[in-house]
Each structure stands twice: as C-alpha cells, then as structure tokens.
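The block underneath contains the structure these notes are about, expressed in structure tokens.
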Amino acid sequence: MPFTALSHFLAANAKFINALTEHLYLTIISLAIAILIAIPLAVYARNHAFFARLALGFASIMQTIPSLAILGILIPIVGIGSQPAIIALVLYGILPIYSNTYTALTTIDPNLTEAAEVFGLTRWQRLFRIELPLAKANILAGIKTATVLIIGTATLAALIGAGGLGTFILLGIDRSNSALTLTGAIGSAALAIIFSWLITQFGRLKAKTMVIIGASGLALLLIGTAAPKIYQATQPEKIVIAGKLGSEPDILIHMYKDLIEADDSRATVTLKPNFGKTSFLFSALKSHQIDVYPEFTGTVLEDLLPVKNRQLQAKSAPQIYHLAKSELADRAHMTYLTPLNYNNTYAIVTTRHFARIHHLRTISDLKKLPTRLHSGFDLEFMNRQDGYLGLIKKYGLNFHNTDLDPDLRYQAIRRGQVQVIDGYSTDSQIRQYHLVALRDDKHLFPTYQGAPLMTTTFAKKHPNIVRQLNRLAGHITASQMREMNYQVNVKNISADKVAKSYLRAHHLLGK
C-alpha cells in the first residue's frame, strides 16, 4: 500500500518533481563551483591587497548586472539550457562567499598567528588548523547567503530552457493562475529554508567529517553530471522540439510530437515547452541544441532577419511566408515548412463595455476620443514599427503608456488600470475576460502565420519528419486556436490532450 500511494503521488506530481530536480541540480552545481572559486580567491587575497580589491570589485560588478542581461550575453557564446544558467548563478554566488571569507581571515587576531609561528606551524598548517576554523562561522554565513541568491535567481533559468521551479512561476503569470505561481514560489522558498538548515547542520560537524562529506558530495556530483552525458552518447538520436512560453506553442509542439511518433514508433522525441523568448530559441536552433520549433512569418522578417525597405503590411500572407522562407534559407541555412491557416497577429484590445459606450470598432475609432487613453503595452510592442511606433505614424495615436510584462497586460485591463492593451488575435483571454480586438482598418500589423522551423541539415536528414509536419499545413483557424488556448488556460486541460483531440478530429492522427 505505501508503495502504491507513493507511485500515485509521483504520477500526479511528475511535473513538479521534475522541476524540483532541475532546480536542485542547478543550485547544487552552481553553489559547489562558487565555493571552489570564492574561498581559494579569498585565501590568496588576504595577503595581496591589490588583488583583493580587484576580485571584490569584479564580484560586486557581477552582482549588480541583472541576471537576464548576463543570460543574454552568455547565450551567443555557450548556447541555451543549463550551461549559461549555471555560469550566471556562479557569478551571483561568488560575492557573498568571497567577501565573508576574506573579511573573516583578515580580522583574525594577529597574536594568534604570531603564536602559531612561534610553535613552528607552516603557512598551510596555520591556515587549516587555526585560520579557517576561526573563520568557519562567517564562511558558512556567506554560503547561506549565496545559496538563497542562487535558489531565487535560478527561477529565471526557465526562460532559457534550463527548467526548474521558475517554469511554474512563468506559467502561472502567463495563464493568470495563482496556484501555479505559488507552487513555484513556495517550492523555491522551501528549498532555501531546507538548504540553510542543512548548511547549519554541516557547520556543526568536526573538521575531518566535513572534509570527508564535502569530498564525497563533490565526487558524487561529478559522477552525476558526467553519467547522463555518457549514457546519452550511447543512445539513439533524440529529436528535440521546443516551444516559446504559453499555451499555443505548447499545443503546437505536442502536435509535432504526435505526428512524428505516429509515423515512426521508434522515434525518440523530447519536448522542451515554455522555453523562453524568440531570440533564445533561434540561437538554440542555430547551435543545434534543439531541432524544431514553431515560428511565425512576421516574427522572422520583423525580428530575426529584418528585411529593410519592405512594407510587409502591404504584402499578402503567401508573399510574407515565401519571403521569410527565402531569407531563412539564404541567410540562416534553415528550412521553413508550410504554415498553418490562422494569423496570430498583433491586436489592440479593450473591454466590451469600453468599446460599446465609445462606439469603438476599429483602431481608427480611438482617434475620436476626446481624452488621451492609458495603455498597457509591453516593451517589445513599444519599440516595433509594426507596434506602437506604427500606431503613432499610421494612425496618429498617442497614449499614456505603462510598460507591462506581456503576461500582466490582461490583469491590468481587467482591473481598469488601463483602457487598451496589445495582444494577439488568438489569445484565450479575449474570450475569457469578455474583451474585444479592434479591427486594424489601416493594415498596420503584418501577417503572422506559424510553421515548423528547422535547420536545412536536419530537414535533409529527416524527410519523413518534414512530410509528417507538413500535414498540418493550412490547418487550424484563428477561432480553433483561440478555443484550444481557452481549453488549456481556462479549463486546465493538458496541452497534450488538446493537441491529440484536434489531430484526431481532423483525421490527422489515428484513434
């Protein structure tokens, strides 16, 4: 019975346990590396004043740089996933350990070290028998502080595909689901408390026991890190499919997986949902860390491979797709498959009540209002020619804007904090919160049709996968996509079930 209960718990909480394991991995690896760097640096710096100031200055600067900025700098160099996350976390963890160790070692009573010299102790004997034991309490305090910083900052690792408890936080914000957000937040807080307690208990051990446990733990860590890589090298090829944050990419990548596995039951497909921002995914694809992800035609030409002096708004959907396909092939050596039916373009969204009392149907109607409206646009939209800059130029509109994270826009308009926001035409929140998307009567927003993107090398190597994914071409209307998003975000049906249901209903997948 206990075993059965445990198996049921693990099955029901598999996603949480997986995220917790990823978070633990990032925390332990980063903390171990930070300790191995910071303590030796502090030991060396105690007798070298210039180096001490230099090291402290560098560690302090690293602490002031926003973690997202560090990740953005690292991605083009080491790619995405756990590697850049660990590097960033190590940089954040060094300062408290280094500063506490350095301070503790340099404030030891000189009489004690002089007495040790008189008794004939060597420099290393003084360090290990007198100085480090006296500094132990301060060093452990620094390690505790570093641990809390690392655990908290590791939640951002979800943005670059490294997983962790941050996945629940990001999903909760994206879906306005407080339970998901609290799951990630409480999990992170609990980890910090548990780690602090363990470090306290570790500090109460005898020096020899601490060394044995520390060395054993480090050895297990190295084995645990190396073993999966050695194992994976002997396994069949894995096809890695990733998606951006949100329900829509999650649904699409599950469709891709189902179609590939329906054609080849031996195919090993790994999904990386809620992977992060567009630039992160594109970098991951170029560096062969992922194999396929769904991308939009307008995003290719506006963000990834901008095409100068091209008026995308004046082009038809097929023209935009073929231009995006051509640019990807020529400039990035990538293959862009045939797109879906729906157009997930930008939209200017307001409440039905506000639209009704002011007789708003089109974006141009906003110009008739006597007062300047309060908007809640995200930073990306604010700086795009097919976004706020285009609203100013093409529609002559100007708003009192509050920069909002994309996930918070709908919460702001629900609460009446803003009158208009930017959204996407397939957002489930439009239906959920009884909102309305104003018609783009001057055709500011170009077409955004989604299609599988992969490297040309991968496409040539896997023609069967290309054939299977192209079966989705021309399918899924905007209303169908909005309904599927609604089922995931509001009805809490899994993206896997929603994807399978659509494929079976449209005879793309056997029953």
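Every number here is computed from the coordinates shown, using simple stated rules; none is lab data. Small disclaimer: the values here were computed from a predicted structure and weren't measured. Heads up, the Cβs are rebuilt from the backbone with ideal geometry, glycines too, and the neighbour counts pull from every protein chain shown.
In this structure, the amide hydrogen of THR268, modeled 1.01 Å from its nitrogen in the peptide plane, lies closer than 5 angstrom to those of ILE239, counting only residues at least 5 positions away or on a different chain. With runs of 4+ DSSP H residues as the only contributors, calculate the mean residue ellipticity of the chain at 222 nm using -39,500 (n - 2.57) per run, divided by the residue total and rounded to the nearest 500. So the helix-based figure for the chain works out to -18500 deg cm²/dmol.
Segment 113-160 and segment 355-422 have Cα centres separated by 53 Å. May I ask you to derive the FRET efficiency for GLU117 and GLN201 from their Cβ-Cβ distance with R0 = 41 Å, giving the value to the nearest 0.05? In this case the efficiency is close to 0.75. Put a dot 7 Å past the Cα of THR268, heading toward its Cβ, do the same for GLN319, and the two dots end up 4.7 nm apart.
Near ASN401, the amide H atoms lying under 5 Å from its own belong to SER375; only residues 5 or more places off or on other chains count, and H is placed 1.01 Å from N.
Residues whose amide H comes within less than 5 Å of that of THR362, counting only those at least five positions distant or on another chain, are ARG439 (H built at 1.01 Å from N in the peptide plane). Over all orientations, segment 346-438 has a Cα convex hull whose mean projected area works out to 5.3 square nanometres.
Applying 1/(1 + (r/R0)^6) with R0 = 45 Å to the Cβ-Cβ distance of SER494 and LEU36 gives a FRET efficiency near 0.60. Looking at the chain, the DSSP beta bridges with both ends there are about 60 percent antiparallel. Treating r as the C-beta distance of THR362 and GLN63 and R0 as 45 Å, the FRET efficiency rounds to 0.35. Among the chymotrypsin sites (Phe, Trp or Tyr not before Pro) in segment 60-129, those placed in a DSSP loop whose Cβ has at most 12 other Cβ atoms within 10 Å are PHE119. Length available on full extension from PHE16 to ALA329: 0.36 nm per residue minus the Cα-Cα distance, which gives 108.8 nm.
Only beta bridges with both residues in segment 346-438 are counted; by DSSP, about 65 percent of them are antiparallel. Dimensions of the chain based on its C-alpha atoms, expressed as ranges along the principal axes with the largest first, amount to 89, 60, 53 Å. Using the membrane-span-like helix rule (whole DSSP H runs, Cα extent along the own axis of at least 20 Å, mean Kyte-Doolittle hydropathy at least 0.5), which helices of the chain qualify? Those that pass (Cα extent of 20 Å or more, hydropathy at least 0.5) are 14-45, 49-64, 82-106, 132-153, 178-203, 207-233.
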